[in-house]
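The values are calculated or read from the model by the stated rules, or taken from the named source; none is laboratory data. Quick caveat: nothing in here was measured; it's all calculated off a predicted structure. Ligands, DNA and RNA are stripped out before the accessible areas are found, and what is left, the full protein with its side chains, is counted by its heavy atoms. Shrake-Rupley method; radii C 1.70, N 1.55, O 1.52, S 1.80 Å.
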Amino acid sequence: AVHLAADAFSAIATPIIDFGKEAVLAAARVSELEVVNRILAENAGIPILAVEQEVAAVRAMGIEAGIANSVIASFIDANLDMAFASDIARIAQDAAVISGMNSSETLANIVYGIETLNPLVLRHAGIVVDLQLAYQEWAEENGRTTESMTTFEKQQVALAEVLEAGVDIAGAYAAAME
């Protein structure tokens, strides 16, 4: 009977303890990312209040705190306009319905796809874009070649393409919630 009671207690207590450990680790990661964002903002000459507001705007889209902070850090690091982060988060909600992932995971993948200029990552996240064609069009409009484009310019084009692709899938999240 004592072993049965001990096994029952263990069966109940272990998941609770594991959940508590995960919560503490997640909170520590969020704190760590907040420090990273402060440093990145300071180095980039961006007011920390602006960074905090953008993180809050992304979180308001239902994005996990850690992912929201990570996304803003990625935007700062890549010199992307943080003002588009919440727009990308909104697109991630719609794309998540298509990709079958949660919106936080989808947002992380979309930002990674923009940073790495990887259309396959974007496609996996539910965003279908032809980055090579977009680079060609940008180069022609600016009297350049695609070979002369910098990584930053390509990331800007990729961001614009994702924003444009978001128009095509707008409303998928809302429809799925009905």
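For ALA170 and ALA56 in one chain, what is 0.36 nm times their gap in residues minus the Cα-Cα distance, to one decimal in nm?
Answer, rounded to one decimal: 38.9 nm.
For GLU141 and VAL36 in the same chain, what is the full-extension length gain: residue separation times 0.36 nm, less their Cα-Cα distance, in nm?
34.1 nm
Relative to 2.2 N^0.38 Å, what does the C-alpha radius of gyration of region 110-178 come to as a ratio? Two decimals please.
The reported ratio for this selection is 1.22.
Run the accessible area of region 49-152 with a 1.4 Å probe and give the carbon-and-sulfur part as a rounded percent.
50
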